[in-house]
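Some notes on the structure that comes next.
The values are calculated or read from the model by the stated rules, or taken from the named source; none is laboratory data. Since this is a predicted model, take the numbers as computed values, not measurements. Cβ placement follows ideal geometry from the backbone for every residue including glycine, while neighbour counts extend to all protein chains displayed.
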Amino acid sequence: MLWTIIGAAAAILTMFSFVPQIIKISRTKSAKDISITTIIQLALGVSLWIAYGVYLKDAIIITANAVTLTSMVVILLLYRKYSRIPQK
């Protein structure tokens, strides 16, 4: 039971860890400080965690990483959108 609570807490922290970055990119309309390589690498790693969670039939692993992957996709879309804007 304790480890389930620890796993759920870790999942919640991970799931929402990129929300501040999404908010910052949206507010500043700039993604110039984002490392696209890091975001892609993390998205691939999270995708593998989802596959592992499916293999284990572990809802916490699947859900946490699916939400995290969604955040990564949002960041990638914002990066694409705001990296096209010419800087003054």
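Across the range 36-54, the qualifying residues are those that are within 11 Å of LEU76 (Cα to Cα) and touching a helix residue (DSSP H, G or I) at 6+ places or on another chain (Cβ under 9 Å), and the one among them that is surrounded by the most Cβ atoms within 10 Å (Cβ to Cβ) is ILE39. When GLN41 is tested against (1) in contact (Cβ under 8 Å) with a residue 12 or more places away in the chain; (2) part of a helix (DSSP H, G or I), just one condition goes unmet, and that condition is (1).
Let me confirm something: among ALA11, ALA31, which residue is touching a Phe, Trp or Tyr at 6+ places or on another chain (Cβ under 6 Å), surrounded by 12 or more Cβ atoms within 10 Å (Cβ to Cβ) and among the small types (Gly, Ala, Ser)?
Working: ALA11 fails: touching a Phe, Trp or Tyr at 6+ places or on another chain (Cβ under 6 Å).
Result of the check over ALA11, ALA31: ALA31.
Is it the case that the range 35-44 has a residue that's under 19 Å from TRP3 (Cα atoms) and not basic (Lys, Arg)? No: the range 35-44 contains no residue that is under 19 Å from TRP3 (Cα atoms) and not basic (Lys, Arg). Against the conditions (1) modelled with pLDDT of 95 or more; (2) not in a helix (DSSP H, G or I), ILE50 satisfies every one except (2).
Could you look through the range 1-23, keep only residues that are over 17 Å from THR68 (Cα atoms) and outside any loop (DSSP other than H, G, I, E, B), and pick out the one that is modelled with the lowest pLDDT? Before the answer, list the steps.
Quick first cut of the range 1-23, residues over 17 Å from THR68 (Cα atoms) only: 1-6.
Those left that are additionally outside any loop (DSSP other than H, G, I, E, B): 2-6.
On the way: LEU2: 91, TRP3: 90, THR4: 85, ILE5: 90, ILE6: 91.
Result: THR4.
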